[in-house]
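In what follows, a structure is listed as structure tokens, so that the remarks can point back to it.
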């Protein structure tokens, strides 16, 4: 038993207490897995008399059949009396900006939808062309196709109206155009604040804050490729960013792996809580780490992870 414990302790880098708990857990699981097989021999179900039950069901069905037939006939009679005639739809030429709720209902439009249209018009909305009616939320395509021939509006905008719509300039659009035309000088991404990052097209307040927080948790970027790891950063925005971003300051903040506790280690984006715990336990059992090769002796530390975390840890 001691040899098994020693093997578990060495393989998983467990402490004595964790090893004992692991062994107990395995024993409990083995008992639970075997319990269904044991219960089959300890408990025997009495044989079921299916013929007797079938006979009882046939007697009960014979007794209930007259009542069921009478209820079914009564239900069919009531349904025939209470059925309503189908609503008659009457189509006529109309302007959707002018008709009332009752007229919408005559056209076959549901009452709730008619009220929604009237509310839209009351608030200043208007229908310029026929297809504008489809902009009303929840307006069925099938209903529009039936009403379209009767809508007293043009099919599309005239050339003059289309030209005005396309060339209409709004103040906020003008400001956006002026903003994108501002020349941006190169900057060090390890020193940039949110204001500097927001100069890049596609980076707003939330994304710039996210980039800065990720950089600070890392301890600084040692490669521009790491910026891709920021959540929500699109490829086209990243390409725009690296045109102006550079790394001139390589003073990366490092964690001393021989002194840091679990809390400090797991605060780094590349080290989760499980790895932080194993690093500390392995250090307690085998002594301090002298190089990245010592860290790779931990089974869950892959070559890729070792390369990723190496710039952010020190051994002295």
### Query
What is the one condition in (1) more than 21 Å from residue 214 (Cβ to Cβ); (2) assigned to a loop (DSSP other than H, G, I, E, B) that residue 294 does not satisfy?
(2)
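Of the residues 216, 188, which single one is over 25 Å from the mean Cα position of the chain (by Cα) and either under 18 Å from residue 267 (Cα atoms) or modelled with pLDDT of 95 or more (or both)? Spell out the reasoning first.
Values: 188 fails: either under 18 Å from residue 267 (Cα atoms) or modelled with pLDDT of 95 or more (or both).
On inspection, the qualifying residue turns out to be 216.
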### Task
Considering (1) free of Cβ contacts under 8 Å to residues at least 24 places away in the same chain; (2) touching a strand residue (DSSP E or B) at 6+ places or on another chain (Cβ under 7 Å), say which one residue 293 fails and leave the rest.
(2)
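Listed residues 209, 196; which is in contact with a strand residue (DSSP E or B) (Cβ under 8 Å, 6 or more places away or on another chain), modelled with pLDDT of 50 or more and outside any loop (DSSP other than H, G, I, E, B)?
Values: 209 fails: in contact with a strand residue (DSSP E or B) (Cβ under 8 Å, 6 or more places away or on another chain).
Checking each option against the conditions leaves just 196.
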### Single condition residue 89 does not satisfy, out of (1) at pLDDT below 80; (2) part of a loop (DSSP other than H, G, I, E, B); (3) surrounded by 10 or more Cβ atoms within 10 Å (Cβ to Cβ)
(1)
### Task
Please specify each residue of region 231-251 satisfying the condition of being loosely packed, with under 15 Cβ neighbours inside 10 Å, in a loop (DSSP other than H, G, I, E, B) and touching a helix residue (DSSP H, G or I) at 6+ places or on another chain (Cβ under 8 Å).
231, 232
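The values are calculated or read from the model by the stated rules, or taken from the named source; none is laboratory data. None of these values were measured; they are calculated from a predicted model. Note that we place each Cβ from the backbone using ideal geometry, even for glycine, and neighbour counts take in every protein chain shown.
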